[in-house]
Amino acid sequence: MTNPLLQPFQTVFETAPFEEIKLEHYQPAIEAAIAEAKIEIDEIVKNTETPNFANTIEALERSGSLMGKITSIFFNLNSAETSDDMQAIAQSVSPLITAFSTELLLNEQLFERVKFVFKSEEKTSLTDEQAYLLEKNYKSFIRNGANLKGKDRERLKELNNKLSMLSLTFSEHVLKDTNAFELLVENEADLVGLPEGAMQAAKAEAEQKGYASGWLFTIDYPSYIPFMKYAENRELRQKMYLAFGSKGFQENDNNNEDLVIEIAKLRAERAQLLGYKTHADFILEERMAEKPAKVYALWDELITYALPKAKEELAEVQALADREGGPSPLERWDFSYYSEKLQMEKFAINDEVLKPYFKLENVISGAFQTAEKLFGITFKERTDIQKYHKDVKTFEVLDAKGIHLAVFYADFFPRPSKRGGAWMTSFRGQNKYDGREQRPHVAIVCNFTKPTADKPSLLTFNEVTTLFHEFGHALHGLLANGYYESLSGTSVFWDFVELPSQLMENWCYEKACLDLFAKHFKTGETIPEDLIQKIKDGMNFLSAYQTVRQVGLGQLDMAWHDRQEIPNKSVYEVETEAGAKTALFPEEKRTITSTAFSHIFSGGYSAGYYSYKWAEVLEADAFEYFKLNGIFDQVTALKYRENILEKGGSQHPMALYKAFRGQEPDSKALLRKSGLI
């Protein structure tokens, strides 16, 4: 049987042939690709010529391309369109991939060649991009144990394999707990306060799941968030909150408490084996922040300004609850409900007022038009590109001259086979090998409310900014213009990667952008100016509270990862201690964050959750620069495109930022933007 993953893709733009790939194709294809990659590495090692940049560093960069092509398809689908069978394959192939990666980075003969080039005089004649690739490769070997010997080397292999498996299991447990919870409401009186759209979506969900009557709510964001904001029934809000907050923390087979502790311990052991004090020290060496001390300094500055104001904001929400005869003190399952009421009272604005202006198709068009006005690129929907699910939309991206630039996939609606949240990813990277430019295939994956029989998908304003956020990441991939794939697109330091995404959110608050797409889904009326002003006025509503919350999550991350030893305490105890500085609500022992904190335990953000706030400093400073000459100023957009989006990770991010901005970022820009100074 022909395996489509092992053949050249005979598809439009050589896109993944999703409709031809079957589950049984993945494991043999990955095994074959690993075997091919091993041969490629062997050829580099056995080359009798003196090691140089071309025959060692460049050859290493280009090795494993088949494996990269296949695994990107497999693991992207394992997040967006998975199944029990696919997860079983992931558990089977992950150790093989990890073992290959570990063997590669512990290959002494290969490392000797890399080290020879790194210390040779050839280094002085390389381009900036080549020199950066050489340094990155050399450091990668060191950071992955190339200097280890004997038992230490074997132990590192064990740790890498174990951590790879544990992260996968953690993610599977969170997904299973998410899918397992259903709240079927059969008495309409229990739904007082919920907007019509949320009720229609819940009715459709119940029908889809085979219930004869009632409204079905889940803890997927499009269902969960409206329920917590609008449902008057406090008992049901509490039930939803406890289900959401206890993912991975229940007495079932999906409990992640032991996994959290084991992952943290193994990461600490690995860091020390490699010569670092903690996992955080290991991670931050390859980040803009460089050391934990700089992360704590950022938090201290933010908390100094934000914590007193956050307490004032909470008191203001409490005062409204008191006036309405609500609970005192407010519990966590009350906060969204009463803060939504306060927002409406202060700004006469909430999701239900705004949603009619944010039909999903219009918002997508708005993102596309924004990119066109800034960078001259256009998006043309194509129906001849294969997709992995019928809900996915596919586009060809063209540059200002109408020349093919990239392929763009958009996957917007929740389903049981997709993990929660929103993310950008790539099915193919960009490079310029052999005089032929390979253009990228980029995707964004979200979980927005599905359209119903009589209403289109209408987004909350938060979902609008989420779409623009992921689209900002996508632009970083789509406009990539490097030579080496491993330095291209979003292959940058993790505390720099959020700059393009978070910067893009700013356009959602500007009239010149909103006028492009914010039109009432029934009347076609453009969003009124007074509503735009209210959006801007409300932009910093609860900004201090949100800042404290983000810092709290970052501190929890560091509580697990900036330690030489993991304390002999429960996950709950570690979390409570970590959150003491930022606690704003009464203690709640039935919920926890760590056991479903996928960003740090199954994503790439361990010891890096601070990156969101770090990048907010960058984007606040960058957007101040855009606003100097207008948000669609072509000169500023070109500088941003050429120095940030096109360059990827080909230089140190601070050098790229200074080339764009002319100076280092001003940390006070975020405090100004947030209304904290």
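Rounded to the nearest 20 debye, the dipole size of the range 43-102 about its Cα centre is 120 debye, using +1 on the Cβ of Lys and Arg and -1 on the Cβ of Asp and Glu. One way to sum up the overall shape of the range 95-172 is the equivalent ellipsoid from its Cα gyration tensor, whose semi-axes run 29, 15, 8 Å, largest first. Taken per residue, the accessible surface of the range 1-89 reaches 47 Å², heavy atoms only and a 1.4 Å probe. For the chain, with the dipole built from +1 on Lys and Arg beta-carbon atoms and -1 on Asp and Glu ones, taken about the Cα centre, which of ILE142, SER457, PRO414 lies farthest toward the positive end? In the chain, that residue is ILE142.
Accessible surface of the range 198-347, 1.4 Å probe: 48 percent of it comes from carbon and sulfur atoms.
Calculated on C-alpha atoms, the gyration radius of the range 525-575 divided by its Kirkwood radius gives an Rg/Rh of 1.37.
Helix 257-273 and the longest principal axis of the C-alpha atoms of the chain enclose an angle of approximately 40°. Counting every C-alpha pair in the range 581-650, the share spaced more than 17 angstrom apart comes to 66%. Restricted to Cα atoms, the range 403-515 shows a radius of gyration and a Dmax of 15.8, 53 angstrom.
Principal semi-axes of the equivalent ellipsoid, √(5λ) from the alpha carbon gyration tensor of the chain, are 40, 29, 27 Å from largest down.
Ordered from largest to smallest accessible area (heavy atoms of protein chains, 1.4 Å probe), the residues PHE116, PHE585, PHE141 come out as PHE116, PHE585, PHE141.
Note the angle between two axes, namely the Cα long axis of helix 543-561 and the longest principal axis of the Cα atoms of the chain, as a number of degrees from 0 to 90, rounded to the nearest 10. That helix lies at roughly 40 degrees to the long axis. Stokes-Einstein diffusion of the range 1-121 at 20 °C, 1.002 mPa s viscosity, Kirkwood radius from Cα pairs, rounded to a whole number: 134 µm²/s. Extents of the range 395-436, largest first, come to 43, 23, 12 Å (Cα atoms, principal axes, whole angstrom). Over the range 529-677, the alpha carbon radius of gyration divided by the compact-protein estimate 2.2 N^0.38 Å works out to 1.29. The trypsin sites (Lys or Arg not before Pro) of the range 15-65 that meet both conditions, a loop assignment by DSSP and at most 12 other Cβ atoms within 10 Å of the site Cβ, are LYS22, LYS46. If only the Cβ of Lys and Arg carry +1 and only the Cβ of Asp and Glu carry -1, the dipole of the chain around its Cα centre is close to 840 debye. Surface composition of the range 543-677: carbon and sulfur atoms hold 48% of the protein heavy-atom accessible area at a 1.4 Å probe.
Farthest toward the positive end of the dipole of the chain, out of ALA297, LEU314, GLY608, is the Cα of ALA297, where the dipole comes from beta carbon charges about the Cα centre. Placing unit charges on the Cβ atoms only, positive for Lys and Arg and negative for Asp and Glu, gives the range 86-136 a dipole magnitude near 120 debye about its Cα centre.
Calculated accessible area for the range 531-677 comes out at 39 Å² per residue, all protein chains present (probe 1.4 Å; ligands, DNA, RNA ignored). Taking every alpha-carbon pair under 8 Å whose residues sit at least 6 apart, the chain reaches a relative contact order of 16 percent. Provide the net charge surrounding LEU556, with neighbours chosen by a C-beta distance below 12 Å and charges set as Lys +1, Arg +1, Asp -1, Glu -1. That sum, taken over residues with Cβ under 12 Å, equals -2. Peptide packing for 565-575, 646-656 was compared via the average number of neighbouring C-beta atoms within 10 Å per residue; ordered from the highest value, the list is 646-656, 565-575.
Restrict the search to the range 116-217; then list the GluC sites (Glu not before Pro) that DSSP places in a loop and that have at most 16 other Cβ atoms within 10 Å of their Cβ. Listed in order of number, the matching sites are GLU182, GLU186. Protein heavy-atom accessible surface, 1.4 Å probe, per residue over the range 318-469: 38 Å². Once you compute Rg and the Kirkwood Rh from C-alpha atoms, what is the Rg to Rh ratio for the range 468-529? Radius of gyration relative to Kirkwood radius: 1.17.
Rounded to two decimals, the Cα radius of gyration of the range 379-466 over 2.2 N^0.38 Å is 1.27. Nearest 10 degrees, 0 to 90: what angle lies between the long axis of helix 84-105 and the longest principal axis of the chain (Cα atoms)? Helix 84-105 and the main axis of the chain meet at about 40 degrees. Distances over 17 Å make up what percent of all Cα-Cα pairs in the range 308-414? When all Cα pairs of the range 308-414 are counted, 68 percent exceed 17 Å. Report the Stokes-Einstein translational diffusion coefficient (µm² s⁻¹, integer) for the range 215-315, Rh taken as the Kirkwood radius over Cα pairs, at 4 °C with viscosity 1.567 mPa s. My calculation gives 73 µm²/s for D.
Computed over the Cα atoms of the range 30-92, pair by distinct pair, the Kirkwood hydrodynamic radius stands at 13.4 angstrom. In units of the compact-protein estimate 2.2 N^0.38 Å, the range 158-238 shows a Cα radius of gyration of 1.42. Between the listed residues GLN238, VAL363, SER336, the Cα displaced farthest toward the positive end of the dipole of the range 226-376, a dipole computed from Cβ unit charges relative to the Cα centre, is found at VAL363. Beta bridges per DSSP, both residues in the chain: antiparallel share near 80 percent.
Only protein heavy atoms count here; under a 1.4 Å probe, ASP621 has an accessible surface of about 0 Å².
For the range 227-325, GluC sites (Glu not before Pro) are listed when DSSP marks them as loop and at most 16 other Cβ atoms sit within 10 Å of their Cβ; the list is GLU232, GLU251, GLU285, GLU286, GLU290, GLU324. The largest accessible area among GLU372, GLU331 belongs to the first residue in GLU372, GLU331, and the rest follow in falling order (1.4 Å probe, all chains).
The values are calculated or read from the model by the stated rules, or taken from the named source; none is laboratory data. In this text the structure is predicted, and so the values were computed from the model without any measurement. Neighbour counts run over all protein chains shown; Cβ positions are idealised from the backbone, glycine included. Side chains are part of the model used for accessible areas, which takes the heavy atoms of the whole protein and leaves out ligands, DNA and RNA. Shrake-Rupley method; radii C 1.70, N 1.55, O 1.52, S 1.80 Å.
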